[in-house]
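Reading through the structure tokens given below for one structure.
The values are calculated or read from the model by the stated rules, or taken from the named source; none is laboratory data. Because the structure is predicted, anything quoted here is derived from the model rather than measured. Don't worry about glycine lacking a Cβ; one is built from the backbone with ideal geometry, like all the others, and counts go over all protein chains shown.
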Amino acid sequence: MNDQPQISRFDSDNRPAAPAFAEPGVPQIRALNLPGLQALYVKEVRRFFKVQLQTIWAPAVTTLLFLVIFTVALGGAGRKVIGVPFADFIAPGLIMMAMLQNSFANASFSLLVGKIQGTIIDYLMPPLAVGELIIALIGAAVTRAVFVGLALWLAMLLWPGVHVIPQHFWAVAAFGLLGATMIGFLGLITSVWAEKFDHAAAVTNFVVTPLALLSGTFYSVDRLAPWFQSVAHLNPVYYAIMGFRYGFIGTVDSTIANPLLIAVLALLGVNALLGVITYRLLATGWKLKA
């Protein structure tokens, strides 16, 4: 039996009745709009995958050149960092750095290009809740980060003198996803705030890149002066790279107690904060709606 109320197609005079519409502002999709969320996610993934030479392989090759330069210049004569060969130490950090940069690039492009080209209505008009919009856009950014990370990892597997076999896969997966999600939120906030590509490039050059380069990617933080270690511990990207590196080499370059637990809590806290900010910006339509 169909328990839904039947709406008569005829009025009291047996004439065709006007079609019944919902009151303005009353949602008709009350549960998760999974088909719509999936459609937007697939659309965003296809967008960067159509130009995969630029969005996946080019960043992987560029980051691989960092590995070549640093291992040739600094990795000779059996140089070790925190007890592991320098090449093994730097490789996971480079993978994570590339993942973060590409997660930001993808998230910061989505809404910005819509505003510039006048197609932002394609994101705002479909029956998607703010949370569903965020999940789809952040999911696509993390997907691109994973593809770049896998491409780099496969290349480093074949690179002589570099060992990138994960020792703790849970750490690789957890810190990789937490880090990529965190920078994805930052990219989405930038996409809402920016009015032209120069604004997004400024955030990349003055925020994302310094955070990545000053997070222990190329060096061990425990070798720094105490005051600089304190500064590094305030950088959330440091915790993402430290935990991701731990998944490959099984050790951390930190003197703080319970470093992995603190790293997870710090990343969860920053993700929650950025997620709330992103939700509020999209819910209010700041710089998106007239």
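For the range 158-166, the condition of being touching a Phe, Trp or Tyr at 6+ places or on another chain (Cβ under 8 Å) and of a type in the set (Gly, Ala, Ser) holds for none of the residues.
Of all residue pairs spaced 6 or more apart or on separate chains, those with beta-carbon atoms under 7 Å, a first member in the range 102-115 that is closer than 13 Å to Val146 by Cα and a second member that is crowded, with 24+ Cβ neighbours inside 10 Å and of a type in the set (D, E, K, R) are Asn102/Arg144; Ser103/Arg144; Asn106/Arg144.
Filtered by the rule that a residue be surrounded by fewer than 17 Cβ atoms within 10 Å (Cβ to Cβ) and under 16 Å from the mean Cα position of the chain (by Cα), the range 253-278 gives Leu268, Gly269, Ala272, Leu273, Val276, Ile277.
Taking residues in the range 129-143 that are under 11 Å from Leu40 (Cβ atoms), and partners anywhere that are outside any helix (DSSP H, G or I), the pairs with Cβ atoms closer than 6 Å and at least 6 places apart or on different chains are Glu132/Asn33.
For the range 36-63, which residues satisfy the criterion of being surrounded by fewer than 18 Cβ atoms within 10 Å (Cβ to Cβ) and under 26 Å from Ala91 (Cα atoms)? Selection gives Phe49, Val51, Gln52, Leu53, Gln54, Trp57, Ala58, Val61, Thr62. Considering the range 7-57, and only residues there that are of a type in the set (S, T, N, Q) and not in a helix (DSSP H, G or I), the residue that is modelled with the lowest pLDDT turns out to be Ser8.
Scanning the range 203-244 for residues that are over 20 Å from the mean Cα position of the chain (by Cα) and either part of a helix (DSSP H, G or I) or of a type in the set (Phe, Trp, Tyr) (or both) yields a count of 13. Tell me, please, whether a residue that is under 30 Å from Arg79 (Cα atoms) and under 16 Å from the mean Cα position of the chain (by Cα) can be found in the range 245-252. No: the range 245-252 contains no residue that is under 30 Å from Arg79 (Cα atoms) and under 16 Å from the mean Cα position of the chain (by Cα).
Looking across the range 245-267, the residues that are in contact (Cβ under 8 Å) with a residue 12 or more places away in the chain and part of a helix (DSSP H, G or I) come down to Arg245, Tyr246, Gly247, Phe248, Ile249, Pro259, Leu260, Ile262, Ala263, Val264, Ala266, Leu267.
When you scan the range 122-135, do you find a residue that is farther than 24 Å from Asn33 by Cβ, at pLDDT 95 or above and either small (Gly, Ala, Ser) or surrounded by 15 or more Cβ atoms within 10 Å (Cβ to Cβ) (or both), even just one?
Let us first name the residues in the range 122-135 that are farther than 24 Å from Asn33 by Cβ, namely none.
Within the range 122-135 (the criterion being farther than 24 Å from Asn33 by Cβ, at pLDDT 95 or above and either small (Gly, Ala, Ser) or surrounded by 15 or more Cβ atoms within 10 Å (Cβ to Cβ) (or both)), the answer is no, since none of the residues qualifies.
Each residue in the range 184-217 was checked for being over 30 Å from Phe228 (Cα atoms) and either without any contact (Cβ under 8 Å) to a residue 60 or more places away in the chain or β-branched (Val, Ile, Thr) (or both), and 2 pass.
Where residues in the range 168-177 are under 21 Å from Leu273 (Cβ atoms) and surrounded by fewer than 23 Cβ atoms within 10 Å (Cβ to Cβ), which of them is farthest from the chain's Cα centre (by Cα)?
Ala174
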